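Participant: Below is a structure I'd like to ask you about.
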Ligand SMILES: [Mn+2]
């Protein structure tokens, strides 16, 4: 056998091994992203490594008991992303979410943990905002990277998650949905991000500044300007409202007559905001804050829009 032939054999063998390794990284399967006729929905925003505050928000919205066991029955809990960074407890928060996922499913409910920009940042190796306690809770930097890698316990779980879902007539996502994505379906948006995080293919543009994990225009606009940004997106996806995190606000607030409801209350110790949640029960929108009473939110823009012209004509 010639040396050149042997070299060829080795090259082919290496190529085959590389293909086999790659075959292991198939794009993840499609996952459900739409639910309807859900009676009770609870949404909780950015946790940023604060387990105690997350637990307070879950208890205030009556989803867990004093042993952290699911008491929410058929409720759908949506955590709108950003459990990582700025605080030490992301691992504890994910462990609780994983346990509640099972318990809720057994009770006929559901836990939706959505991807935030900080989930994608740490999965892509951007450790600028990690907390020292967070790193040590995983057993150091190398173990942290492995745990959130494609084959790690948390990384595998995170890579199955959606970034935009629809429940009843509401879209839920971390940042917001720019009109740039209006021609994509929810399957395409979620699949594009999952594939990008798993194989590096998919649609990396979706995780950049104008994508659903980073977009801030919905949280920063008001009135007519907000309506102009939202309404074409709402029409395309057949919804009336959107629930977002990402931009800390003073409590759970409704913008644009209830087009957009913001659930990032800056609850982590790093920001010092309240442990709070949005509770949607049989069409009524209320906020609940640890230690306080339920507060109704003004979510009625579509009602007044219809009522006004009719009233004028009658007069
Ligand atoms: Mn964020």
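The numbers here are math on the coordinates, done by the rules we state, and not lab data. If you're wondering where the values come from, they're calculated on a predicted model, not measured in any experiment. For neighbour counting, all protein chains shown are included, and Cβ atoms are generated from backbone atoms with ideal geometry for every residue, glycine included.
Participant: Using label points projected 7 Å from each Cα along Cα→Cβ, tell me how many nm separate residue 209 and residue 37, to one decimal.
Facilitator: Label-label distance for residue 209 and residue 37, simple model: 4.5 nm.
Participant: Report for segment 223-307 the percent antiparallel among DSSP-assigned beta bridges with both residues inside it, nearest 5.
Facilitator: 80 percent
Participant: With a point put 7 Å past each Cα toward its Cβ, work out how far residue 188 is from residue 224 in nm, to one decimal.
Facilitator: It is 3.2 nm.
Participant: Let me ask something else. How far, in nm, would the chain grow between residue 292 and residue 66 when pulled straight, counting 0.36 nm per residue and subtracting the alpha carbon separation?
Facilitator: 79.6 nm
Participant: Counting only helical runs of four or more DSSP H residues, what would the 222 nm mean residue ellipticity of the chain come to if each run contributes -39,500 (n - 2.57) and the total is spread over all its residues?
Facilitator: Here the helix-only value at 222 nm equals -11500 deg cm²/dmol.
Participant: I'd like to compare 296-303, 189-196, 116-123: which one has the highest average count of other Cβ atoms within 10 Å, and what's the full order after that?
Facilitator: Details: 296-303: 15.2, 189-196: 22.4, 116-123: 24.6.
Descending mean neighbour count gives 116-123, 189-196, 296-303.
Participant: What's the FRET efficiency of residue 106 with residue 169 using the Cβ-Cβ distance as r and R₀ = 25 Å, to the nearest 0.05?
Facilitator: 0.35
Participant: Convex hull over the Cα atoms of the chain, averaged projected area in nm²?
Facilitator: For the chain, averaging the hull's shadow over all directions gives 20.3 nm².
Participant: Rg and Dmax in Å for segment 182-315, alpha carbons only: what are they?
Facilitator: 17.5, 62
Participant: What angle do you read, to the nearest 10 degrees and between 0 and 90, between the alpha-carbon axis of helix 3-23 and the longest principal axis of the chain?
Facilitator: Helix 3-23 and the main axis of the chain meet at about 20 degrees.
Participant: Here is a further query. In degrees between 0 and 90, to the nearest 10, how far off the longest principal axis of the chain does helix 301-314 point, with axes built from Cα atoms?
Facilitator: 40 degrees
Participant: Taking segment 61-190 on its own, what percent of its Cα-Cα pair distances exceed 21 Å?
Facilitator: Within segment 61-190, distances greater than 21 Å cover 45 percent of Cα pairs.
Participant: Still on this structure: Which percentage, to the nearest 5, of the DSSP beta bridges contained in the chain is antiparallel?
Facilitator: 55 percent
Participant: Using the basic label-point model (7 angstrom from Cα toward the beta carbon), what is the residue 253 to residue 30 distance in nanometres?
Facilitator: It is 3.9 nm.
Participant: Does anyone have the angle between helix 186-199 and the longest principal axis of the chain? Alpha-carbon axes, 0 to 90°, nearest 10?
Facilitator: Computed tilt is about 30 degrees.
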